[in-house]
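The values are calculated or read from the model by the stated rules, or taken from the named source; none is laboratory data. Given the structure is predicted, the values throughout are model-derived calculations rather than measurements. All Cβ positions, glycine included, derive from the backbone under ideal geometry; neighbour counts span all protein chains shown.
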Amino acid sequence: MSRSALTSGLEWNVKVTAQDNAAILNKFRGTFETYWNSPEFEEYSSLPEQRLKLARALRQENSGAAEPDSLPNFRIRPFPYQQEILDRLAVERSLRGHFRNLVVAATGTGKTVVSAFDYARFAKQFTTLPRLLFVAHREEILRQARATFRHILGEANFGELWVGAEQPVQFEHLFVSVQTFASRLDFFQQTIPRDYYQYLVIDEVHHLAAASYRPILAWFEPTILLGLTATPERADGESILPDFDNTIAAEIRLPEAIARGLLVPFQYFCITDPVDYRNVRWTNGRYAAEDLTNVYTGNDVRVSAILSSHAKLTV
């Protein structure tokens, strides 16, 4: 059966007798038997394992998983500076025995690409792809990360998402939001062993000091932990280095990235904010969004200050 046959296809009926059109019927019968015995088609029964297999396939289809021929028809290779990072990671592990690695790289230099290449290298030790957990705080980042891993691995159906309405089935290669992890912590602790994931990536790992991130490291014991960030220094002074053997495995900071022509130079201007925040409520460590909206949209003081400064700076 095909989707078009069940939905938009046109159906024609014709009466054919074996006496008058034996050749046509034999061709029909032969074509049917060819399809019926083809390994591309699988027999379905109501057994639990068959129902689970069907559910996985349907969920994968509904999640928009790429078909094998939808992968880009070109190979990604690491840039020289990315290869330098990969080489440093290899040295940290093989010579120094450090398997909790922190990579600091400016935004736009391809931290996710580095993690995918590093995972691909790690996977060469196994006959099947090792179990992966990729944690990020935004759905867009997770989708882009999964697409990157799929491209580099050449596996169009690699990875499942657990964010928003997306739910995984197999959990072997999981791209999960930190919010989902925090809300399903009991599930992870009761269902997934500590050493289940062999390779763990935490994006924007400078958030690691936050309460929602700590359980990730507290529970899982991966073979390799890879933290990615552009800004490891936190405003509150809390250091994340102890979680990574007190070492930055590899780094390429913003000034170096610009100097090497990897990023476009820019100018950054700061202006005084004229808004009075004294009457804005402070709850749960931040300003109340509703109050901020009222302050920002209730008058044109802030917008006028921005436009005025822009006019002066661009003359």
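Looking at the stretch 4-37, which of its residues are within 28 Å of residue 54 (Cα to Cα), of a type in the set (S, T, N, Q) and at pLDDT 80 or above?
31, 34, 37
Which number in (1) touching a residue at least 24 places away in the same chain (Cβ under 8 Å); (2) in a helix (DSSP H, G or I); (3) of a type outside the set (Phe, Trp, Tyr) marks the one condition that residue 83 misses?
Result: residue 83 passes all but (1).
If the requirement is being among the charged types (D, E, K, R) and surrounded by fewer than 19 Cβ atoms within 10 Å (Cβ to Cβ), which of these qualifies: 160, 155?
155
Considering only residues that are in contact (Cβ under 8 Å) with a residue 24 or more places away in the chain and closer than 22 Å to residue 211 by Cα, which ones fall in the stretch 158-181?
Residues satisfying the conditions are 163, 164, 174, 175, 176, 177, 178, 179, 181.
Residue by residue through the stretch 257-315, note down the ones that are loosely packed, with under 10 Cβ neighbours inside 10 Å, in contact (Cβ under 8 Å) with a residue 24 or more places away in the chain and not hydrophobic (A, V, I, L, M, F, W, C).
Of everything in the stretch 257-315, just one residue is loosely packed, with under 10 Cβ neighbours inside 10 Å, in contact (Cβ under 8 Å) with a residue 24 or more places away in the chain and not hydrophobic (A, V, I, L, M, F, W, C), namely 272.
Test residue 142 against the stated conditions and say whether it is of a type outside the set (Gly, Ala, Ser), under 13 Å from the mean Cα position of the chain (by Cα), crowded, with 23+ Cβ neighbours inside 10 Å and in a helix (DSSP H, G or I).
Judged against the criteria, residue 142 is a match.
Do we find a residue being under 24 Å from residue 87 (Cα atoms) and of a type in the set (Asp, Glu) anywhere in the stretch 271-292?
No, every residue in the stretch 271-292 fails to be under 24 Å from residue 87 (Cα atoms) and of a type in the set (Asp, Glu).
Could you tell me which numbered condition residue 238 fails, if it satisfies all but one of (1) in contact with a helix residue (DSSP H, G or I) (Cβ under 8 Å, 6 or more places away or on another chain); (2) surrounded by 13 or more Cβ atoms within 10 Å (Cβ to Cβ); (3) charged (D, E, K, R)?
Only one criterion in (1) in contact with a helix residue (DSSP H, G or I) (Cβ under 8 Å, 6 or more places away or on another chain); (2) surrounded by 13 or more Cβ atoms within 10 Å (Cβ to Cβ); (3) charged (D, E, K, R) is unmet by residue 238, namely (2).
Which condition from (1) in the same structural domain as residue 112 (by TED's automatic domain parsing); (2) farther than 30 Å from residue 141 by Cα is the one that residue 250 breaks?
(2)
For residues that are small (Gly, Ala, Ser) and at pLDDT 95 or above, scanning just the stretch 148-192, find the one that is nearest to residue 115 (Cα to Cα).
It comes out as 159.
So if I check each of 122, 149, 134, which one is farther than 20 Å from residue 251 by Cβ and in contact with a Lys or Arg (Cβ under 8 Å, 6 or more places away or on another chain)?
Testing whether each residue is farther than 20 Å from residue 251 by Cβ and in contact with a Lys or Arg (Cβ under 8 Å, 6 or more places away or on another chain) leaves just 134.
Select, from 128, 223, the only residue that is touching a residue at least 60 places away in the same chain (Cβ under 8 Å), closer than 27 Å to residue 79 by Cα and not small (Gly, Ala, Ser).
Matching residue, one of 128, 223: 223.
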